[in-house]
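Comments concern the structure below.
The values are calculated or read from the model by the stated rules, or taken from the named source; none is laboratory data. Note that the structure is predicted; figures quoted are calculated from it, not measured. Please note: Cβ atoms are built from the backbone with ideal geometry, for glycine as well, and neighbour counts cover all protein chains shown. Protein only, heavy atoms only, side chains kept; ligands, DNA and RNA dropped before computing areas. Shrake-Rupley method; radii C 1.70, N 1.55, O 1.52, S 1.80 Å.
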Amino acid sequence: MLFVILVATIWLLAFFRAKLAAWTGAFALLLGLWTFFSGQYTGIWWLPWIVFAALAVVVNIPSLRRCLIMKPLRSRLREMLPPLSRTEREALEAGTVWWDGELFSGNPAWEKLIALPPPLLTPEEEAFLTGPVEELCRMLDDLRIVTELRDLPPEVWRFLKEKGFFGMIIPRENGGLGFSALAHSRVIMKIASRSVTAAVTVMVPNSLGPAELLLRYGTEAQKEYYLPRLARGEEVPCFALTGPEAGSDAASIPDTGIVCRGSLRGKEVVGIRLAWEKRYITLGPVATVIGLAFRLLDPEHLLGNDDAPGITLALVPVDTPGITIGTRHDPLGIPFQNGPNKGADVFIPLDWVIGSKAGVGQGWQMLMESLAAGRSISLPALSTGGAKFVARVAGAHARVRRQFRLPIGRFEGVAEALARIAGNTYLMDAAREMTCAAVDRGERPAVLSAIVKYHSTERLRRAVNDGMDVFGGSGICLGPHNLLGRLYKAAPIGITVEGANILTRSMIIFGQGVIRCHPYVLQEMSAAVNPDTDRGLVDFDRLIGDHIAFTLNNAARTFFFAMTGGRLAKAPPGPMQRYFQTVTRLSAAFAVTADIALLTLGGTLKRRESLSGRLADILSHLYLASALLKRFEEREWPADEEPLVRWGCEDCFHRIQESFTGLFRNLPFRPAAWLLRLIVFPRGRPFAGPLDRLSQQVAGVLLEPSPVRDRLTDGLFLPAAPDEPLARLENALARVIAAEPVEQKLRDAVKEGKLKRLPDDQLLSAGVQEGVITPAEEETVRLALAARREATRVDDFPHL
């Protein structure tokens, strides 16, 4: 009985986050009850009281607690902490913490998320999308770009420059379009639905590159010179970071710049002599100016006392002597301009450093801050545009294409693939929009940008693979009628850039997130190494106490929500209330699991990449589910979108559960794993993923024209020319659906014996003769058969 009371007391104290005095009083009462009921008044019954009193005094008197407990603990932690390099610290401190911080808290404030206004385009942005972007898409012949030209046509390059596509992020006062993150995203998304080559070409100058860096860090003179020229397309930029020995580990770049004196235009000046070798540089072969990252050395101390100021960024015109540039890589046959460049004995003046002298050694911070926002826009937009295209064409094909006298989309196996395509597309679009909204309100979400980049590129790959399964043989035969082949080839490219996906998942999302977004960890690390010992000890004492209370509170809430299914968690009312409550439940479970993993593994968690990856998956799917719920709320609960939201949430919850299970199975300290399993899933594993019935509902969204299908694929370029493959497929879909009631009449007549089972052409004629259908209905079916035949044609060639 006393044990039950003890457990209940601890749970109540933790759940209500009781103060230290309350814990002390409660344990004193429990000890008194034990003494009274056990009748231990002889021998050494007083020993537990002495031990308790001693502990209570030490714990409750701050000066004693700090001296006897916190000071040794702080010293131990300081010894355990690996020394953070400057680049590591800059990466950790880059960007801002937003909804990721709420998820790490274990108690997300839904009112904060719901209050974020839905992102809206300005009239100028809308006009650009319906004007120049539409015109650009009509100009693009992706088959010709990929198979013949191996580049964008000259008239497209000219159009991109004249209409300001390269200056979307440059403010109007500097000659650019001054677009929001949402508009930037919508432009890339629409172009990507037409041509990946064109989308990448537009994407790069508006993502991590010279314009973004100049806006944030450039001198006024650099901005005045370069920004208008970049906006007009007079300068074509590239950004050279990756090299043969520095890929995902970009901070280890071996390329060097040595501060020295040199001659420039007949004058001796202090400058930098550069040597570098870079590869995978998009727009490099056609660039006029290189944004270059290198490691700066100052052996003669011409700039100061530091021998190695560190990573520095400079803008280097390609016509500078010593640069070799112009050759190309071939990224899976998708011919956007990409290639290597190198420099040998290249001398530049100090003024070419971004920020001039003030920018020396600040390059890594500049990159991390810029990447925090840039990574969350372009690649998610390109991936979402690709997924929307797959959803549109795979659904139409599954309704038009028939086998065994049925549209293939009616088969459950095909419906599974269609449901994944539709569900993932809706989820990607929700995450894209919510992240753009945050960026437009001033957030620079470093961890969330890694999440949306990773999951959008991975889910595009899955959507394209599912789409290829739906198309079957016609998907793999390239030619004018092929809709998915080029996108299938392009899908892996996004996986490799702006942080390879394996590294992003296993090292960045949780590895950076647990330090940057956790309410206490980064502060504790700072307090542990604070050179002001007294101040550091006071801060450390307060933070550790708060952290312990935080962890216990989340443990108690996790168990309570697990036992009740999260039903008492605070959540917005409405049809998705239970899903809001489930995210809160799983957020609490994530928070306590992250703390236990840190406690038991310490700094080695960084090297346990499989465990870190599972924690990253949990955090990621909590964010994705949050995006789904926010979209449904701000659209005021559209009933036709409810299956898509439910499918996405059910899928996220199942994936979170599987990540928890894998984590518990592999935690090295088994008692911690057993305890976590007990409090997270005391009633077993409740999340089975979307039911088949729900998946079939979601698949049905893609199989016929409807408002929800149009909203799901909103933002695509829909060509009107009848010879366009997508237009042919859309025409076939409309004709096939119009013909289905007539075909049903014919099938019924065959069943009733009024007509014999005949080939389609003969059956139609017989149907008219017997009065089963009218001549007009016969024509409807014949047009549908011809449209189906044309839409499902496979290209062949006399020679290859």
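When you scan segment 592-637, how many residues do you find that are more than 28 Å from Ala500 (Cα to Cα) and of a type in the set (S, T, N, Q)? Final tally of qualifying residues: 1.
Residues in segment 101-133 that are surrounded by 20 or more Cβ atoms within 10 Å (Cβ to Cβ), outside any helix (DSSP H, G or I) and of a type outside the set (Gly, Ala, Ser): 2 in all.
Condition (residue is open to solvent by 10 Å² or more (accessible area, probe 1.4 Å) and part of a helix (DSSP H, G or I)) applied to segment 320-334: is it met by at least one residue? Checking segment 320-334: not a single residue is open to solvent by 10 Å² or more (accessible area, probe 1.4 Å) and part of a helix (DSSP H, G or I). Among the residues of segment 190-213, the ones that are over 19 Å from the mean Cα position of the chain (by Cα) and either at pLDDT below 95 or of a type in the set (Phe, Trp, Tyr) (or both) come to 6 in all. Scanning segment 375-398 for residues that are more than 21 Å from Pro492 (Cβ to Cβ) and open to solvent by less than 10 Å² (accessible area, probe 1.4 Å) turns up Gly395, Ala396, His397, Ala398. The combined condition, being under 44 Å from the mean Cα position of the chain (by Cα) and either modelled with pLDDT under 85 or surrounded by 15 or more Cβ atoms within 10 Å (Cβ to Cβ) (or both), is not fulfilled by Pro48.
Where helices (runs of 4 or more DSSP H) sit wholly within segment 606-706, those with at least 2 residues that are within 30 Å of Phe389 (Cβ to Cβ) and open to solvent by 10 Å² or more (accessible area, probe 1.4 Å) occupy 609-634, 642-666, 692-701. Within segment 235-288, if we keep just the residues that are in contact with a strand residue (DSSP E or B) (Cβ under 7 Å, 6 or more places away or on another chain) and without any contact (Cβ under 8 Å) to a residue 12 or more places away in the chain, the residue that is least open to solvent (accessible area, probe 1.4 Å) turns out to be Ser252.
Of the residues Ala699, Ala738, the single one that is closer than 30 Å to Gly565 by Cα, in contact (Cβ under 8 Å) with a residue 12 or more places away in the chain and among the aliphatic types (A, V, I, L, M) is Ala699.
Looking at this structure, is Asp748 in a helix (DSSP H, G or I), over 50 Å from the mean Cα position of the chain (by Cα) and surrounded by fewer than 17 Cβ atoms within 10 Å (Cβ to Cβ)? Answer is yes for this residue.
Would segment 657-680 turn up any residue that is touching a residue at least 40 places away in the same chain (Cβ under 8 Å), in contact with a helix residue (DSSP H, G or I) (Cβ under 8 Å, 6 or more places away or on another chain) and closer than 30 Å to Ala398 by Cβ? No. Checked against (1) open to solvent by less than 20 Å² (accessible area, probe 1.4 Å); (2) in contact with a strand residue (DSSP E or B) (Cβ under 9 Å, 6 or more places away or on another chain), Ala192 meets all criteria but (2). Filter segment 552-600 for residues that are assigned to a loop (DSSP other than H, G, I, E, B) and touching a residue at least 60 places away in the same chain (Cβ under 8 Å); which is most open to solvent (accessible area, probe 1.4 Å)? Out of the qualifying residues, it is Lys570. If you check Phe179 against the conditions, is it more than 23 Å from Ala727 (Cβ to Cβ) and open to solvent by less than 10 Å² (accessible area, probe 1.4 Å)? Criteria not met by Phe179. Set side by side, the residues Ala344, Ala358, Ala314 differ, and just one is surrounded by fewer than 23 Cβ atoms within 10 Å (Cβ to Cβ), outside any helix (DSSP H, G or I) and aliphatic (A, V, I, L, M), which is Ala344.
None of Glu224, Glu173, Glu234 is of a type outside the set (A, V, I, L, M), at negative phi and assigned to a loop (DSSP other than H, G, I, E, B) except Glu234. Select from segment 13-34 the residues that are open to solvent by 70 Å² or more (accessible area, probe 1.4 Å) and assigned to a helix (DSSP H, G or I) and list them in ascending order. Residues satisfying the conditions are Leu20, Ala21, Phe27, Leu29, Trp34. If you filter segment 290-302 down to residues that are surrounded by fewer than 22 Cβ atoms within 10 Å (Cβ to Cβ) and of a type in the set (A, V, I, L, M), you find that the one that is farthest from Asn338 (Cα to Cα) is Leu302.
Only one entry of Arg441, Arg462 meets the criterion of being surrounded by fewer than 19 Cβ atoms within 10 Å (Cβ to Cβ) and within 24 Å of Leu121 (Cα to Cα), and that entry is Arg441.
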